[in-house]
Amino acid sequence: QVQLVESGGGLVQAGGSLRVSCAASGVFFSIGVMGWYRQAPGKQRELVATITRGGTTNTADSVKGRFTISRDNAKNTVYLQMNNLKPEDTAVYYCAADSIRGRSWGQGTQVTVSS
């Protein structure tokens with residue numbers, strides 16, 4: 001279906017910032033809600049944030065006030081700005097997008113926060 005390619009992950013010190021991006025390709029129709037999930041080793045996957053095509057956002061309590069989701073509809077790209085990162089934010093971050101074709105997933109990008 002829709003191909004999602006993530007970038008921007010890496011290693012950062014606690015208190016630092018990182019911005020991850022997810023670009024959709026092969027899209028000939030409108031993409032609706034886009035969002036970010038994350039999964040740490042041995043833990044459940046959790047929803048981090050979502051954003052509608054119109055820009056309405058929702059963020060998990062664990063990241064509220066620190067993470068900001070945004071999107072550029074012209075580029076079919078969604079972003080996650082992560083500030084004041086904590087070691088517990090360490091996880092693989094996955095991009096997701098919904099459309100008439102269903103749910104699409106990115107390959108994931110590793111975010112590691114060191115103490």
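Which residues, counting only those in the stretch 79-115, are part of a strand (DSSP E or B), among the hydrophobic types (A, V, I, L, M, F, W, C) and closer than 20 Å to Val12 by Cβ?
Just the residues of the stretch 79-115 that are part of a strand (DSSP E or B), to begin with: 79-82, 91-99, 102-106, 109-114.
Filter once more, keeping what is among the hydrophobic types (A, V, I, L, M, F, W, C): 80, 82, 91-92, 95-97, 105, 111, 113.
Across the stretch 79-115, the qualifying residues are Leu80, Met82, Ala91, Val92, Cys95, Val111, Val113.
Among the residues of the stretch 34-53, the ones that are outside any strand (DSSP E or B) and either buried (at least 17 other Cβ atoms within 10 Å of the Cβ) or at positive phi (or both) come to 1 in all. Of all residues in the stretch 78-115, those that are farther than 14 Å from Gln39 by Cβ and either under 14 Å from the mean Cα position of the chain (by Cα) or in contact (Cβ under 8 Å) with a residue 40 or more places away in the chain (or both) total 20.
Is it the case that some residue within the stretch 64-81 is out of contact with any strand residue (DSSP E or B) (no Cβ under 6 Å at 6 or more places or on another chain) and open to solvent by less than 30 Å² (accessible area, probe 1.4 Å)? Looking through the stretch 64-81, at least one residue is out of contact with any strand residue (DSSP E or B) (no Cβ under 6 Å at 6 or more places or on another chain) and open to solvent by less than 30 Å² (accessible area, probe 1.4 Å).
Yes or no, residue by residue, for (1) under 20 Å from Lys86 (Cα atoms); (2) in a loop (DSSP other than H, G, I, E, B):
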| position | (1), (2) |
| --- | --- |
| Arg19 | yes, no |
| Cys22 | no, no |
| Val27 | no, yes |
| Gly32 | no, no |
| Gly55 | no, yes |
| Ser62 | yes, yes |
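All conditions in (1) under 26 Å from Glu88 (Cα atoms); (2) without any contact (Cβ under 8 Å) to a residue 60 or more places away in the chain hold for Arg53, with the sole exception of (1).
The values are calculated or read from the model by the stated rules, or taken from the named source; none is laboratory data. Owing to the predicted nature of the structure, the values given are computational and were not obtained by experimental measurement. Cβ sites come from the backbone with ideal geometry, for glycine too, and all protein chains shown count toward neighbours. Only protein heavy atoms, including side chains, enter the accessible area calculation; ligands, DNA and RNA are left aside. Shrake-Rupley method; radii C 1.70, N 1.55, O 1.52, S 1.80 Å.
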